[in-house]
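Undergrad: Have a look at this one before I ask anything.
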Amino acid sequence: MFEFNDESIAEFKSRIAVVRSEIGAACKEAGRDVNDVTLIGVSKVFPSTCAMSCYSAGLVDLGENKVQELTAKEEELSNLGMHPNWHLIGTLQKNKVKYIIGKTKLVHSVDSVELAEEISKRSAKAGIKTDVLFQVNVSREESKHGFYDEEIKTSMERLLSLEGINPRGLMTMAPLTSASDEVRKIFADTYALYDELKSYVNDKDSWNTLSMGMSRDYKEAIAEGSTHIRIGTAIFGDRKALLDA
């Protein structure tokens with residue numbers, strides 16, 4: 001299953017086509033253009049051969065939770081002439097920032113001013129700017145990282161002053177619940193916050209990214225305005241089964 005070959009590429013093409021079809025249906029129901037939604041395949045835990053197959057099947061945006069996995073896969077795929085848009089979607093510690101500078105399309109998980117400052121400092125030193133999203137904890141769950149509404153509002157002036165980052169928008173995660181209405185409310189509240197924060201930004205066109213929605217709730221996220229959805233299981237399969245093997 002995890003070999004990189006024509007068979008695995010064909011399998012990923014099939015899975016991606018199913019997900020894209022469902023995204024199209026969700027966009028149609030929400031009255032949105034399907035081209036306004038970016039699909040990110042989350043390859044965390046799965047071997048690099050799966051990332052290779054997924055990329056070769058036509059999905060150019062790949063997401064990882066851990067710095068060490070992202071950098072290892074980025075190097076391995078790059079050596080083969082494969083250059084996906086890498087998204088870091090998991091918690092980022094300040095002491096790991098130096099390893100991802102210049103390797104990501106987008107860092108989704110900037111959850112503190114101090115982390116933003118570290119990314120800015122490292123990026124400026126490298127002569128680049130790093131595109132980032134600010135992670136918000138709209139559901140106010142203690143188990144989740146991210147700014148609360150009032151914290152991100154009071155921090156925006158400082159965050160927008162940092163020369164080494166390009167703030168692009170927000171990221172959030174909904175609670176683990178089967179209640180669709182509850183999930184949609186979190187996503188709707190996040191969109192409202194995203195829209196409000198746009199007034200803080202000078203270049204309005206650059207504030208254009210809202211990352212929310214995973215395999216279990218991306219349809220609700222699309223309905224509430226998500227521009228980037230993070231899909232693991234529906235594309236790569238059962239991660240728990242792999243870990244238990």
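The values are calculated or read from the model by the stated rules, or taken from the named source; none is laboratory data. None of these values were measured; they are calculated from a predicted model. So basically every Cβ, Gly included, is an ideal-geometry build from the backbone, and we count neighbours across all protein chains shown. Surface areas here come from the heavy atoms of the whole protein model, side chains and all, with no ligands, DNA or RNA. Shrake-Rupley method; radii C 1.70, N 1.55, O 1.52, S 1.80 Å.
Undergrad: Surrounded by fewer than 22 Cβ atoms within 10 Å (Cβ to Cβ) and modelled with pLDDT under 95, is that true of residue 35?
TA: It is false that residue 35 is surrounded by fewer than 22 Cβ atoms within 10 Å (Cβ to Cβ) and modelled with pLDDT under 95.
Undergrad: Between 77, 62, which is in contact with a helix residue (DSSP H, G or I) (Cβ under 7 Å, 6 or more places away or on another chain), in a strand (DSSP E or B) and either small (Gly, Ala, Ser) or open to solvent by less than 60 Å² (accessible area, probe 1.4 Å) (or both)?
TA: Criteria check complete, one pass: 62.
Undergrad: What residue, of 26, 57, 17, is among the aliphatic types (A, V, I, L, M), out of contact with any strand residue (DSSP E or B) (no Cβ under 8 Å at 6 or more places or on another chain), buried (at least 16 other Cβ atoms within 10 Å of the Cβ) and under 21 Å from residue 226 (Cβ atoms)?
TA: Selected residue: 26, the only one of 26, 57, 17 that is among the aliphatic types (A, V, I, L, M), out of contact with any strand residue (DSSP E or B) (no Cβ under 8 Å at 6 or more places or on another chain), buried (at least 16 other Cβ atoms within 10 Å of the Cβ) and under 21 Å from residue 226 (Cβ atoms).
Undergrad: Please specify each residue of segment 219-229 satisfying the condition of being open to solvent by 10 Å² or more (accessible area, probe 1.4 Å) and either within 14 Å of the chain's Cα centre (by Cα) or more than 22 Å from residue 44 (Cα to Cα) (or both).
TA: Listed by number, the residues that qualify are 220, 223, 224, 225, 227, 228.
Undergrad: Which one is surrounded by the most Cβ atoms within 10 Å (Cβ to Cβ), of the residues in segment 168-187 that are assigned to a loop (DSSP other than H, G, I, E, B) and out of contact with any Asp or Glu (no Cβ under 8 Å at 6 or more places or on another chain)?
TA: Of everything passing the filter in segment 168-187, 172 is surrounded by the most Cβ atoms within 10 Å (Cβ to Cβ).
Undergrad: Taking the residues in segment 80-102 that are assigned to a strand (DSSP E or B) and not aliphatic (A, V, I, L, M) as candidates, determine which candidate is surrounded by the fewest Cβ atoms within 10 Å (Cβ to Cβ).
TA: Looking at residues that are assigned to a strand (DSSP E or B) and not aliphatic (A, V, I, L, M), I get 85.
Undergrad: Can you find a residue that is touching a Ser or Thr at 6+ places or on another chain (Cβ under 7 Å) and within 19 Å of residue 223 (Cα to Cα) anywhere in segment 138-150?
TA: Within segment 138-150, one or more residues are touching a Ser or Thr at 6+ places or on another chain (Cβ under 7 Å) and within 19 Å of residue 223 (Cα to Cα).
Undergrad: With respect to the numbered conditions (1) modelled with pLDDT under 95; (2) part of a helix (DSSP H, G or I), which one is the sole condition not fulfilled by residue 1?
TA: (2)
Undergrad: Now for a different question. Provide a single number: the residues in segment 1-30 that are among the β-branched types (Val, Ile, Thr) and more than 22 Å from the chain's Cα centre (by Cα).
TA: 1
Undergrad: Being open to solvent by less than 20 Å² (accessible area, probe 1.4 Å), over 20 Å from residue 67 (Cβ atoms), of a type in the set (A, V, I, L, M, F, W, C) and not in a loop (DSSP other than H, G, I, E, B), is that true of even one residue in segment 154-164?
TA: Yes, some residue in segment 154-164 is open to solvent by less than 20 Å² (accessible area, probe 1.4 Å), over 20 Å from residue 67 (Cβ atoms), of a type in the set (A, V, I, L, M, F, W, C) and not in a loop (DSSP other than H, G, I, E, B).
Undergrad: Can you give me the number of residues within segment 201-227 that are assigned to a helix (DSSP H, G or I) and touching a Pro at 6+ places or on another chain (Cβ under 9 Å)?
TA: Qualifying residue count for the region: 1.
Undergrad: Got at least one residue in segment 181-196 being closer than 14 Å to residue 36 by Cα and at pLDDT 95 or above?
TA: no
Undergrad: Oh, and also: Quick one: is residue 9 in a helix (DSSP H, G or I), in contact with a strand residue (DSSP E or B) (Cβ under 8 Å, 6 or more places away or on another chain) and over 20 Å from residue 168 (Cβ atoms)?
TA: Criteria not met by residue 9.
Undergrad: Test of understanding: among 154, 227, which residue is among the β-branched types (Val, Ile, Thr) and under 18 Å from residue 37 (Cβ atoms)?
TA: Result: 227 is the single residue among 154, 227 that is among the β-branched types (Val, Ile, Thr) and under 18 Å from residue 37 (Cβ atoms).
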